[in-house]
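One structure below.
The values are calculated or read from the model by the stated rules, or taken from the named source; none is laboratory data. Computed from a predicted structure; not experimentally measured. Positions of Cβ are backbone-derived with ideal geometry, glycine not excepted, and every protein chain shown enters the neighbour counts.
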Amino acid sequence: MYINRMKQVYETALTRKNSVSETNWMYEDGVLLRAMAATGALLEDDRYLSFLKRYIDNFVTEDGRIPFVENRPPSVDCLNNGKVIFTLYHITHEDRYKKALAYLKSCIERHPRLDGCGGFAHKKIYPNQMWLDGLFMLQPLYAEYTKEWGPYECFEDIAKQFALITRFAYDEEKGLYYHAYDHSRSMFWADPVTGCSPHFWGRAMGWLAMAAVDTLDYFPADHPGRNAILDVVEKIAAGIVRYQSPSGVWYQILDLADRKGNYKESSCTCMFAYFLKKSVQMGYLPDSFLSSADKAMDGIFSEFINEKDGLVHIGNVCLVAGLGPAKKPHRNGSFAYYISEPVVEDDNKAFGPLLWALTRYAADDMGKFI
């Protein structure tokens, strides 16, 4: 069942117009591209390679520069697509990809940090702020680079980021992570005591969930810092199953399903399905969590997926949600704000995780380990 569904989504991405941008280095495109690589490898179909190259080669020059990133202020969002460059480097061994990765590593080294604790700030325009999203954008790339070229000491820095986000943003009572944390406690959206934003946004926790399981792919099994990442996996898993709806999906604001205006949101549901399935496959979680993963996959197809013109479409995608800056006071982290952002179809923030989740399930059906 899942093999055919995976093939349909894969073919949709290959054939539909504007599957990825040709002009904008968008982090969500990187999510889809990495999923395409995993699917293509599973199917032994190398069409994904030209799909990846067509995107990356629009932005990486022959000498390994990435002008799109060079010309922008530091932002963790600009780092995510480096994971696609890694995929291409491992396949082609082209020197320009290695140079591009070295440049992105230098961006990590120069990236702004929170005062006094060493956490990575989300962006230069968001100083002293850690967002859950940022761990997904930065940490798996940082870990893969460290595994490939070192230095080994960087693994301690990577593990620290997961420990910090738990210390700063985890709510023990709810079992969930707040979207963001302001170390200065000066932002208009931040609680003056805790520094946290007001709500538990589904996709933010989805990003953190994927960050943890994807970083573990490259993290040494015997490194003591691994426990901080596994702790995040366990906390997220225990938390999200508490708020899974009867149909198997999750809401835009996780713990307020009954509040008027809240809605079932597809990107976080796909992320959680991927996270739960992969965590069980890799031995990070017990088999008991499979029922929640299976229920999520059923819910995705009953609630969000439709087919038309021979293509697969996914609806109920929150287009974007952020916090601040000062010139955007409406992005205040309130419930009203989160439900006011546009809800769209086929955004890669959902389409990519959908394919990731399907690839995990299809691998089981095919008797393959990924």
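The figures follow:
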{"item": "Test: residue in the range 108-129 that is in a helix (DSSP H, G or I) and either in contact with a helix residue (DSSP H, G or I) (Cβ under 7 Å, 6 or more places away or on another chain) or within 21 Å of Ala38 (Cβ to Cβ) (or both)", "result": "yes"}
{"item": "Subset of the range 351-369 [surrounded by fewer than 21 Cβ atoms within 10 Å (Cβ to Cβ) and aromatic (Phe, Trp, Tyr)]", "result": "Phe369"}
{"item": "Residue count, the range 346-370 (criterion: of a type in the set (D, E, K, R) and part of a loop (DSSP other than H, G, I, E, B))", "result": "3"}
{"item": "Hits in the range 61-76 (condition: surrounded by 15 or more Cβ atoms within 10 Å (Cβ to Cβ) and either under 24 Å from the mean Cα position of the chain (by Cα) or not in a loop (DSSP other than H, G, I, E, B) (or both))", "result": "Ile66, Phe68, Val69, Pro74, Ser75, Val76"}
{"item": "Residues (touching a residue at least 24 places away in the same chain (Cβ under 8 Å) and of a type outside the set (A, V, I, L, M, F, W, C)) located in the range 164-177", "result": "Thr166, Tyr170, Asp171, Lys174, Gly175, Tyr177"}
{"item": "1 or more residues touching a residue at least 24 places away in the same chain (Cβ under 8 Å), acidic (Asp, Glu) and surrounded by fewer than 15 Cβ atoms within 10 Å (Cβ to Cβ): qualifying helices (runs of 4 or more DSSP H) within the range 257-345", "result": "290-303"}
{"item": "Residue pairs meeting the criteria (Cβ under 8 Å; at least 6 apart or on separate chains; first assigned to a helix (DSSP H, G or I), in the range 42-60; second modelled with pLDDT of 95 or more and acidic (Asp, Glu))", "result": "Tyr55/Asp29"}
{"item": "Members of the range 13-44 that are of a type in the set (A, V, I, L, M, F, W, C), within 16 Å of the chain's Cα centre (by Cα) and within 13 Å of Lys349 (Cα to Cα)", "result": "Met26, Val31, Leu32, Leu33, Ala35"}
{"item": "In the range 118-163, the residues that are free of Cβ contacts under 8 Å to residues at least 60 places away in the same chain, hydrophobic (A, V, I, L, M, F, W, C) and out of contact with any strand residue (DSSP E or B) (no Cβ under 7 Å at 6 or more places or on another chain)", "result": "Trp149, Cys154"}
{"item": "The range 77-98: number of residues that are under 26 Å from Leu135 (Cβ atoms), surrounded by 14 or more Cβ atoms within 10 Å (Cβ to Cβ) and not aromatic (Phe, Trp, Tyr)", "result": "12"}
{"item": "Any hit, the range 121-141, residues being surrounded by 21 or more Cβ atoms within 10 Å (Cβ to Cβ) and over 21 Å from Arg167 (Cα atoms)", "result": "yes"}
{"item": "Residues satisfying the stated conditions in the range 1-22, i.e. surrounded by fewer than 22 Cβ atoms within 10 Å (Cβ to Cβ), touching a strand residue (DSSP E or B) at 6+ places or on another chain (Cβ under 9 Å) and not in a loop (DSSP other than H, G, I, E, B)", "result": "Arg5, Gln8, Glu11, Thr12, Thr15"}
{"item": "Conditions (1) outside any loop (DSSP other than H, G, I, E, B); (2) of a type in the set (Phe, Trp, Tyr); (3) touching a residue at least 40 places away in the same chain (Cβ under 8 Å): number failed by Trp25", "result": "(1)"}
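So that you can scan it fast, the table gives a plain yes or no per residue for (1) assigned to a loop (DSSP other than H, G, I, E, B); (2) closer than 15 Å to Leu323 by Cα:
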position: Tyr145; (1), (2): no, no
position: Phe162; (1), (2): no, no
position: Glu173; (1), (2): yes, no
position: Pro198; (1), (2): yes, yes
position: Trp207; (1), (2): no, no
